[in-house]
């Protein structure tokens, strides 16, 4: 059984600007500064809760010469972040307005208060209130970040996916991935997995009209779902292949184990283990401040550092005033 959302990986036009946006605007901690293990020219930045807990991280690639993505149907459309209460959304609406972050104000979706907002690349995000939420626990807000802890982001909420053929996609979510439909609001359908709640939901939007979304910066690359162990990944590989899917097989990402599959031609899903996590190669106090490389890339450190530009991500020497 899938336990919930593990991480969301997107593409950005600028590793520097996304670091600034997540650190200073959203108050989400950079817990790992590394490179794309399949393209070492490319930074891979992991933003998560205070301790890098599984189910709290959104990650970014900054592929060289990547075109801008376009939004449409058949795409992983919007990542969401959890905040503790409805009151927190009032704080965030005011903050976004003050900092000139494009947003749509507070609205309601499936009975939950939300704010849709956008970054400099027109990447689509959402804040969702955990007030009266039950199910998968969220993480710990960044203790030393700029956001008052009672308003701060604690983890990932539902992933929103737009599709042209809802019957086909619903069948995949239910019969292949074991998710359960629990609500419908016009052309939006809510699916749950594991213990449920905001950290374990998929929102599928039926959109047979829009052009297909196109990959590029400002768009989501893939979404990952949580399992406990590599044994679970082996079982999922067997299950997916029994449905006729081709998978990546087990991929050891050092920070977690991974299994990749195209749920549809346009949608890349990953299944990832909760551990080992991000604390093994850096102390808590300085997470994300140096270039971290998995052991199999460590021998290439000098070369990698010569081809990726330096980014100053040192925060342990700074004091953030909570705003």
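Data overview
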{"read-out": "Failed condition for residue 143, given (1) at pLDDT 95 or above; (2) surrounded by fewer than 16 Cβ atoms within 10 Å (Cβ to Cβ); (3) farther than 18 Å from residue 57 by Cβ", "value": "(3)"}
{"read-out": "Total residues in segment 112-138, condition in contact (Cβ under 8 Å) with a residue 60 or more places away in the chain and more than 23 Å from residue 21 (Cβ to Cβ)", "value": "6"}
{"read-out": "Top-ranked residue of segment 168-186 - restricted to ones that are in contact with a helix residue (DSSP H, G or I) (Cβ under 8 Å, 6 or more places away or on another chain) and in a strand (DSSP E or B), ranked as nearest to residue 227 (Cα to Cα)", "value": "180"}
{"read-out": "Matching option when the condition is under 22 Å from the mean Cα position of the chain (by Cα), loosely packed, with under 13 Cβ neighbours inside 10 Å, in a loop (DSSP other than H, G, I, E, B) and at pLDDT 95 or above, among 249, 288, 280", "value": "249"}
{"read-out": "Which numbered condition residue 264 misses (of (1) in contact with a strand residue (DSSP E or B) (Cβ under 7 Å, 6 or more places away or on another chain); (2) surrounded by 13 or more Cβ atoms within 10 Å (Cβ to Cβ))", "value": "(1)"}
{"read-out": "Selection from segment 187-207 of residues that are part of a loop (DSSP other than H, G, I, E, B) and closer than 19 Å to residue 71 by Cβ", "value": "187, 207"}
{"read-out": "Any hit, segment 187-200, residues being surrounded by fewer than 14 Cβ atoms within 10 Å (Cβ to Cβ) and out of contact with any strand residue (DSSP E or B) (no Cβ under 7 Å at 6 or more places or on another chain)", "value": "no"}
{"read-out": "Any hit, segment 227-243, residues being closer than 30 Å to residue 296 by Cα, in contact with a helix residue (DSSP H, G or I) (Cβ under 8 Å, 6 or more places away or on another chain) and either modelled with pLDDT under 95 or part of a strand (DSSP E or B) (or both)", "value": "yes"}
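The values are calculated or read from the model by the stated rules, or taken from the named source; none is laboratory data. Owing to the predicted nature of the structure, the values given are computational and were not obtained by experimental measurement. Please note: Cβ atoms are built from the backbone with ideal geometry, for glycine as well, and neighbour counts cover all protein chains shown.
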